[in-house]
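> Can you keep this structure in mind? I'll have questions shortly.
The values are calculated or read from the model by the stated rules, or taken from the named source; none is laboratory data. Because the structure is predicted, anything quoted here is derived from the model rather than measured. Virtual Cβ from ideal backbone geometry, glycine too; neighbours counted across all protein chains shown. Ligands, DNA and RNA are stripped out before the accessible areas are found, and what is left, the full protein with its side chains, is counted by its heavy atoms. Shrake-Rupley method; radii C 1.70, N 1.55, O 1.52, S 1.80 Å.
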Amino acid sequence: LPAPVSGATARSYLSQLTVATENRTGYSRDLFPTWITISGTCNTREYILKRDGSNVVTDSACAATSGSWYSPYDGATWTAASDVDIDHLVPLAEAWDSGASAWTTARRQSFANDVTRPQLLAVTDNVNQSKGDQDPATWMPSLTSYRCTYVRAWVQVKYYYDLSVDSAEKSALTSYLANC
């Protein structure tokens, strides 16, 4: 998993982000092509499962047949890939609301499949589903020891993609980053 920027860098980045009201008009998940081929026969999901898991064994189609996955959101470990979701740390709908609505489809595809920045990670499936498209003003990982890493990654991704933050989101991020 790519390590996020330091707390000091994240605070600097956050101070440079535009504060704006979010707008979901026109959003559809289909506007962000996901799980493209990353390497060989491996799509984005399969690539992240291999990257984030331990002792991952894959078949010829790159599907994980065994291994284990530790979810940093809740501290759970899973041994079935079907129990693991690949989370978009900054959710696709949140990105749309924050500026991605103006992007090309190619840029949205790059965002949705970004394996370089700390934007995609393997987590417990039901935790990912409960997070949905929430930002740190309304959802944070239950594992408090991961929250600093989470907000540093969130700000790094928003900064890299020049996405805005809403006022409640900026307030929450400022508060969490004060302790990083």
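> Any residue in region 24-44 that's under 23 Å from Leu163 (Cβ atoms): show its pairings with residues that are part of a loop (DSSP other than H, G, I, E, B) and of a type in the set (Phe, Trp, Tyr) at Cβ separation under 7 Å, as long as the two are six or more apart or on different chains.
Listed by first residue and then by second, the contacts come to Thr44/Trp35.
> I'd like the full set of residues that are farther than 30 Å from Ala61 by Cα, in a helix (DSSP H, G or I) and not basic (Lys, Arg), limited to region 1-38.
Residues satisfying the conditions are Gly7, Ala8, Thr9, Ala10, Ser12, Tyr13, Leu14, Ser15, Gln16.
> For region 97-130, what are the residues that are more than 27 Å from Ser39 (Cα to Cα) and either touching a helix residue (DSSP H, G or I) at 6+ places or on another chain (Cβ under 7 Å) or small (Gly, Ala, Ser) (or both)?
Within region 97-130, Ser98, Gly99, Ser101, Ala102, Ser130 meet the criteria.
> For region 157-173, give me the residue count where each residue is assigned to a helix (DSSP H, G or I) and either of a type in the set (A, V, I, L, M, F, W, C) or closer than 17 Å to Trp139 by Cα (or both).
Looking only at that region, the number is 9.
> Would you mind stating whether Asn43 is out of contact with any His (no Cβ under 9 Å at 6 or more places or on another chain) and open to solvent by less than 60 Å² (accessible area, probe 1.4 Å)?
Yes: the conditions hold for Asn43.
> Evaluate region 108-115: report whether one residue or more is more than 18 Å from Gly26 (Cα to Cα) and surrounded by fewer than 19 Cβ atoms within 10 Å (Cβ to Cβ).
yes
> Moving on. Does region 141-180 hold any residues that are within 13 Å of the chain's Cα centre (by Cα), under 11 Å from Arg11 (Cα atoms) and either of a type in the set (A, V, I, L, M) or modelled with pLDDT under 95 (or both), and which are they?
Within region 141-180, Val151, Val155 meet the criteria.
> Quick check: is even one residue across region 9-18 within 19 Å of Asn128 (Cβ to Cβ) and touching a residue at least 12 places away in the same chain (Cβ under 8 Å)?
no
> I want to confirm something. Restricting to region 53-80 and keeping residues that are among the small types (Gly, Ala, Ser), open to solvent by 20 Å² or more (accessible area, probe 1.4 Å) and not in a strand (DSSP E or B), which single residue is farthest from Ala137 (Cα to Cα)?
Out of the qualifying residues, it is Ser60.
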